[in-house]
Every structure is written in C-alpha cells, then in structure tokens.
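The values are calculated or read from the model by the stated rules, or taken from the named source; none is laboratory data. Just so it is clear, the structure is predicted and the values come from calculations on it, not from any experiment. With ideal geometry, Cβ positions are generated from the backbone for all residues, glycine too; neighbour counts draw on all protein chains shown.
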Amino acid sequence: MYLCLFFLTESHVLYAQDVLPQGVIFYQYLYRHLTSPAYKYDETGTRKPIGEMFSRVLSGPELLNGNGGSLMQTLAQEIKKYDGADNGPNSLSNKLYLGTITGDIKGKMTGQGIGFGIGITDHLSIFVGVPIVSVSVDANLVYNGEGNNAAQIKEELGDIAFDELKDGLNQAAGLNQAKIEEQIASYEYAPLGKWQKSGIGHVVTGVRMGWIRELSRAWSYGFGPAVSLTFPTGYKKNPDILQDVGFGEPYYSLGTNIDQKFSLLKRFHVGVHTGYVLNLSNSIERRVPEGAEQLVPASRKSAVKITPGDDTDVALSLKFTVPFFEIGIRSGIKRHYNDTYNGSLDGNYRTLGKGSDKEVFYNHLSLSFETLSAFMAKKFSFPFLLTFAARVPMKSRNMVDTERYYELNFSSFLPTPWMEEKKKDAEDVKDKEHKQRKKKHPKKADRPF
C-alpha cells in the first residue's frame, strides 16, 4: 500500500520570460488545495480510488503469488501439492477461495509556499521557494469472508491431509478482520488507521535570466532560460508505515527550462515552455520483496540505491491582458521516466520500480488582478499580483491525482537601496547626456557673439 504523492510548490518569478529589475525584491505566498488525493490513475489511465487498487481476491492463484501473506501462500503451496499435474479449474489450488480484502483510504492534502527573489541585474535574478505541506491519511482494510471454502476443501481431503495442512485450513476457515490486521502486524508494520504530518517540502533555489526585444511597434519577443536545484528536505517515505506519504521524491534534482513569449500590442501573449529535470541517484531504505508480494517482512529492510528517471515538461500558454486583469490558459504534458533500484540484498527490485513511469496531460486556468502597471505609472501606491488558478488533468497514467487542485497566489515587490543607487546613477547619466547635447547644440540666445 505504498503511497508517494508528488508535491512541489513552484516558486518562480512572476512571468516566465521576465526577470526582476536590479535591486528589486520579490516575495510570494501560495496556497494550494488538492481536491482528490485519494484517487489514482493506473497504467491504463483509468482513474480509481486508491483503496480499490489495494483490494484483493483471496483466491488460490492470488495466494500462490504471495498476495495474502506468507502464511496463506504456504497454505496454497501445500494444497497445490495434492493437485499433482492437475492445474484445471477443478484443482484444489484453483478452487481455494478465502474471501476478499477491500482497501478503504481517505486523504487530504494542502500546500503552502513562500518564495523570494531579487534582481541582481536587469537580466539576472535569483530565487528560492519553500513549500509547506500538510497531509492526513486514513487507511483501513475491510475483510469479507463470504464464500470462504477452506472448511470444504479440508473435508474433501479428509484423512489424506497431514495435521499441519489441517491446521492451516482451520486457520483459513476462521479468517476474519482481526486476523488480517494481526498478519500485517506480524510483518512489523505500524498499525493501519490515521496518519498525518505537516512540515516543509522540498526546497528549490535557482537562477533566471531574461531578455525582451521589440520586434516591431506591435510585436515583442521574450526569452528566459533558468536553472534550479531541488533539495530533498521534505519528509521521506518510511518503509515501516504502509499509509504514510512522502513530501516529494527522495533525491536531488537539477532542472533547466526555457520560456519564450510572443506578445502582440502588449495585450495578447503566446508562450512556449520546455523543461528538463535531471534527477540524481541516492541511497534510501526500503523493504525488498522476493517476488511480487505487497507485504514484505521487516527482515528484508535494506539500504537500496535508487536511480530515478528524469522529468520533462512541455507546455503552450495563451494570455490576454487588459488594465488590472489577465486571463490565461496553459496546456502541457509532464512525464517522469522509469526509476530503477538495486542493492546488496537478493530480491525482486523491479517490483520497487513498478509504476514509476508517470505521465499527465493537463490544463491550467488562471485569472489575475495586478497593479504593477498602475504602480509604475504612479497611479497606484502598492504593487502586487493576485492570481486564482485551477488545474485539471485531462489524461494521466500511474499517478496519484495530485494534478487536480485550486491555487491562490499573492506576490509583491520591495525596493532596496541598491535599486535607488541604480536609479540615481541612471539619472546622472541622463543628465550628463543632456548637458553634452546642449553643449553641442546650444540655443541661439546662449551662443557667444
């Protein structure tokens, strides 16, 4: 029942292709509410409750695969010995049925983000973002023993069944909710139920550059490359807790992206975003399965090396701007490539990486109210940007539904003495140029006789 919700608050400067003017400080507060973190898309792209993905039919073939735990697997293996070469539908191992287990998982997840940036030059800014994550999960397994035929199989075997097998069938016949929970505890997992945690997520810092060029009176072009480094400072998945959630992935990430924007009459904007993230290998602690089993004994806990796949992000955005307001839509594709694991302990490391190749197609809608232009024209006393956004996944694969959320973002700016010095220097240069022009072209009244 391993959950690892990806959450990373994006803390970048306001406009993808812009940087801050030299000496200007940028600060940001973001609130994000995930609407359905208890749902997940499977490998076929079908959206299901996470609990349903951990539901199991305790049939003979499933028990043989270890999906009912080691005790029930041993029972199924012993019964199969009585089948001999018979593997048909009437064989004992295929007839064995102990009921069903249904996962019941509810979750709530919110995030806040604090971001800061400063303009080093008019074309270079640095930024840092600190997400604060709050998660609660309530996870339970519900056992339904209707149709349990262990007692019937024991009767069919009669006296040819040895005592240990009879005892195993007696235990299977008496299987109930309490015994399911006892079996989980026997693997030294923490009890199921409610789990919650709050704390900082993965801190990101980086550098952004930007230039804007006027192509004509109507058209302009913005170009903004950036690099960023993400630190795994958030809570990491505990291999002894089935229902906990990691606040991001357990490794460092080095990202780079390029944003371009074409603007018409400073009203219509078309943006193109391309991003690539190099995820770095790291050592983490995991329980290494021997096969495809979900419950793994604590004795198989070991340090393993994760070699994560990289991430890509490509998006197209359209925005329309009028005084004080901006409305936009961004459509994109994000993908995380397959993770691989290896370690010194013999086991099936492919199981650890199963389902790690993830993909999502999304639409991101935003509405902003801004006073930046009015402030620069000295018509408003306080510069800020307030944005309400909603993201909706259109298609997804192997992902918990963390790309479906509402978001509120407030950003503003502060001047520094550094900015005032630059302003004074610019005024001095302008004054000097004016004097030089005046000296070269004096007014007629100022010319000497």
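With (1) in contact with a helix residue (DSSP H, G or I) (Cβ under 6 Å, 6 or more places away or on another chain); (2) crowded, with 17+ Cβ neighbours inside 10 Å; (3) at negative phi as the list, and GLY68 as the residue in question, which single condition is left unmet?
(1)
Identify the residue in the stretch 244-263 that is surrounded by fewer than 21 Cβ atoms within 10 Å (Cβ to Cβ) and in a loop (DSSP other than H, G, I, E, B) and, among all such residues, is modelled with the lowest pLDDT.
PRO250
Out of (1) farther than 30 Å from VAL135 by Cα; (2) among the charged types (D, E, K, R); (3) in contact with a Lys or Arg (Cβ under 7 Å, 6 or more places away or on another chain); (4) in a loop (DSSP other than H, G, I, E, B), the odd one out for GLU326 is which?
With respect to (1) farther than 30 Å from VAL135 by Cα; (2) among the charged types (D, E, K, R); (3) in contact with a Lys or Arg (Cβ under 7 Å, 6 or more places away or on another chain); (4) in a loop (DSSP other than H, G, I, E, B), GLU326 is out only on (4).
Which members of the stretch 374-396 meet the condition of being of a type outside the set (A, V, I, L, M, F, W, C) and more than 21 Å from LEU408 (Cα to Cα)?
LYS378, LYS379, SER381, LYS395, SER396
Out of VAL360, VAL400, I need the residue that is touching a Cys at 6+ places or on another chain (Cβ under 9 Å) and either under 30 Å from PHE26 (Cα atoms) or surrounded by 14 or more Cβ atoms within 10 Å (Cβ to Cβ) (or both). Which one?
Among VAL360, VAL400, only VAL400 is touching a Cys at 6+ places or on another chain (Cβ under 9 Å) and either under 30 Å from PHE26 (Cα atoms) or surrounded by 14 or more Cβ atoms within 10 Å (Cβ to Cβ) (or both).
Is there any pair with a first residue in the stretch 393-414 that is over 14 Å from ARG335 (Cβ atoms) and a second that is aliphatic (A, V, I, L, M) and surrounded by fewer than 17 Cβ atoms within 10 Å (Cβ to Cβ) whose Cβ atoms are under 7 Å apart and which are 6 or more apart or on different chains, and what are they?
ARG404/VAL392; TYR406/ALA390; PHE410/LEU386; PHE413/ILE25; LEU414/ILE25
So, of the residues in the stretch 217-243 that are outside any loop (DSSP other than H, G, I, E, B) and among the polar types (S, T, N, Q), which turns out to be surrounded by the fewest Cβ atoms within 10 Å (Cβ to Cβ)?
Ranking the candidates gives SER220 first.
Quick one: LYS266 ticks every box in (1) at pLDDT 95 or above; (2) part of a loop (DSSP other than H, G, I, E, B) bar one, so which box is it?
(1)
Looking only at residues that are aliphatic (A, V, I, L, M) and surrounded by fewer than 16 Cβ atoms within 10 Å (Cβ to Cβ) in the stretch 264-279, which one is farthest from HIS336 (Cα to Cα)?
LEU265
Is it the case that TYR252 is more than 23 Å from the chain's Cα centre (by Cα) and not basic (Lys, Arg)?
no
Of the residues GLN183, GLN177, which single one is touching a helix residue (DSSP H, G or I) at 6+ places or on another chain (Cβ under 8 Å) and more than 18 Å from LEU254 (Cβ to Cβ)?
Answer to the check: GLN183.
Considering every residue within the stretch 95-103, establish whether at least one is farther than 30 Å from TYR406 by Cβ, in a loop (DSSP other than H, G, I, E, B) and among the hydroxyl-bearing types (Ser, Thr, Tyr).
Scanning the stretch 95-103, I find no residue that is farther than 30 Å from TYR406 by Cβ, in a loop (DSSP other than H, G, I, E, B) and among the hydroxyl-bearing types (Ser, Thr, Tyr), so the answer is no.
Looking at the stretch 141-166 only, could you name the residues that are outside any helix (DSSP H, G or I) and either at pLDDT below 85 or surrounded by 17 or more Cβ atoms within 10 Å (Cβ to Cβ) (or both)?
Within the stretch 141-166, LEU141, TYR143, GLY145, ASN148, ASN149, ALA161, PHE162 qualify.
Could you say whether any residue in the stretch 299-317 is under 25 Å from the mean Cα position of the chain (by Cα) and loosely packed, with under 14 Cβ neighbours inside 10 Å?
Yes, the conditions are met somewhere in the stretch 299-317.
Residue-by-condition table, conditions (1) assigned to a helix (DSSP H, G or I); (2) surrounded by fewer than 16 Cβ atoms within 10 Å (Cβ to Cβ); (3) in contact (Cβ under 8 Å) with a residue 24 or more places away in the chain; (4) not aromatic (Phe, Trp, Tyr):
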| position | (1), (2), (3), (4) |
| --- | --- |
| GLY355 | no, no, yes, yes |
| LEU367 | no, yes, yes, yes |
| LYS378 | no, yes, no, yes |
| ALA389 | no, no, yes, yes |
